[in-house]
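I have placed the structure first, in the form of structure tokens, so that the comments after it can refer back to it.
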Amino acid sequence: MENPVGVFDSGMGGLTVLKELVRTLPSEHFVYLGDTARVPYGGKSAETVTRYSIEIANHLIRLHDIKLLVVACNTASSLALPALRKIYKIPVVGMVDPCVRRAAGLPRRSSIGVIGTLGTVRSGAYEEALRTAVPSAKVRSVPCPLLVALAEEGWTDKDITRAVIAEYLAPFRAEPPDALILGCTHYPVLKSAIRECIGETPVLIDSGEEAAMVVDILLSETQVRSPAGPREVDFLVTDDPERFARIGRGFYGRELGDVQRIVL
């Protein structure tokens, strides 16, 4: 099926998810939309995040005829996914369920940590899903709002970044969990610093890697996989394409090419 897969995020972080999707599904055509005019979503209300998510989904479905939607934003996944799945007939993949599925499948899962934005942690979406999937696990969630700005600055190997991570992750250093869910799509670019801080014991669960596997399965199950590629990626933003292309390289791992500014 030639229709593209739609991917959206509040800004840059979803590019870490797109990177994994392109690696896993090289024959697919992707349309990525970064809502850079209204970033960040992490401190906004559930009503606002849901409204933004519906506006973006409408754009991707009506103008690009997408066959599947990936909500590459943990805050939007935590707050808006039920509404999106109720409104639209196409499959909608969020970040929470794939990570929880991975945690539930680990041989050691008695304690699970979650780090994310204020909005993601405040929503309780991970805790609720983990209570169902791994009822015996002890779950601890810690909001880490400053990590988004540090990731976007490209400060992945700075002393200040290590200091902020050490402050946020102090509870996990004192009592290392079996797994730590990186509950924000910005955090994979800080994975080395996070690993350095908490040691080798916890399994780090990356939402991009887990979501890509779920999308791969869904495309096969729904029989809408595209023929052999490679295919292109279209990049859309709601503000400043040049800044997005410049900073986005650090998240995507390569040049983005043309980035188009749109109005929702």
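The values are calculated or read from the model by the stated rules, or taken from the named source; none is laboratory data. None of these values were measured; they are calculated from a predicted model. Cβ sites come from the backbone with ideal geometry, for glycine too, and all protein chains shown count toward neighbours.
Which of the numbered conditions does Tyr52 fail, given that it passes all the others? Conditions: (1) within 20 Å of Ser226 (Cα to Cα); (2) free of Cβ contacts under 8 Å to residues at least 60 places away in the same chain; (3) aromatic (Phe, Trp, Tyr). The failed condition is (1). The set of residues in region 193-205 being crowded, with 22+ Cβ neighbours inside 10 Å and part of a strand (DSSP E or B) consists of Ile205 alone. Answer with yes or no whether Leu190 is part of a strand (DSSP E or B), modelled with pLDDT of 95 or more and under 23 Å from Leu21 (Cα atoms). Judged against the criteria, Leu190 is not a match.
The set of residues from region 1-39 being hydroxyl-bearing (Ser, Thr, Tyr) and either surrounded by 20 or more Cβ atoms within 10 Å (Cβ to Cβ) or without any contact (Cβ under 8 Å) to a residue 40 or more places away in the chain (or both) comprises Ser10, Thr16, Tyr32, Thr36. Within region 45-57, the set of residues being of a type in the set (Val, Ile, Thr) and crowded, with 24+ Cβ neighbours inside 10 Å comprises Val49, Ile56. Cβ-Cβ distances below 7 Å connect the following pairs, each with a first residue in region 193-222 that is farther than 20 Å from Asp9 by Cβ, a second residue that is surrounded by fewer than 18 Cβ atoms within 10 Å (Cβ to Cβ) and of a type in the set (Gly, Ala, Ser), and a separation of six or more residues or different chains: Cys197/Ala166. Scanning region 231-253 turns up at least one residue that is touching a residue at least 60 places away in the same chain (Cβ under 8 Å), part of a helix (DSSP H, G or I), among the β-branched types (Val, Ile, Thr) and touching a helix residue (DSSP H, G or I) at 6+ places or on another chain (Cβ under 9 Å). No other residue among Ser78, Ser110 is modelled with pLDDT under 95 and polar (S, T, N, Q) apart from Ser78. Sub-6 Å Cβ pairs linking a first residue in region 147-166 that is of a type in the set (Ser, Thr, Tyr) to a second residue that is in a helix (DSSP H, G or I), at least 6 apart or interchain, are Thr156/Val189; Thr156/Leu190; Thr161/Leu150; Thr161/Ala193, ordered by first then second residue. If you go through region 60-87 one residue at a time, how many are touching a strand residue (DSSP E or B) at 6+ places or on another chain (Cβ under 7 Å) and more than 30 Å from Pro202 (Cβ to Cβ)? Summing the residues that are touching a strand residue (DSSP E or B) at 6+ places or on another chain (Cβ under 7 Å) and more than 30 Å from Pro202 (Cβ to Cβ) in region 60-87 gives 8. Taking Ala104, is it crowded, with 16+ Cβ neighbours inside 10 Å, touching a Ser or Thr at 6+ places or on another chain (Cβ under 6 Å), within 18 Å of Ser207 (Cβ to Cβ) and small (Gly, Ala, Ser)? Criteria not met by Ala104. Here is a check on your reading of the model: is Lys89 among the basic types (Lys, Arg) and assigned to a loop (DSSP other than H, G, I, E, B)? Judged against the criteria, Lys89 is a match.
Report, by residue number, each residue of region 206-227 that is out of contact with any Leu (no Cβ under 8 Å at 6 or more places or on another chain), charged (D, E, K, R) and surrounded by fewer than 18 Cβ atoms within 10 Å (Cβ to Cβ). Selection gives Glu221 alone.
Counting only helices (runs of 4 or more DSSP H) wholly contained in region 110-172, the ones carrying 3 or more residues that are of a type outside the set (A, V, I, L, M, F, W, C) occupy 118-123, 125-133, 159-168. Counting residues in region 51-68 that are among the β-branched types (Val, Ile, Thr), modelled with pLDDT of 95 or more and more than 25 Å from Asp216 (Cβ to Cβ) gives one or more. With respect to Gly42, is the statement that it is crowded, with 20+ Cβ neighbours inside 10 Å, in a loop (DSSP other than H, G, I, E, B), touching a residue at least 40 places away in the same chain (Cβ under 8 Å) and touching an Asp or Glu at 6+ places or on another chain (Cβ under 8 Å) true? In short, no.
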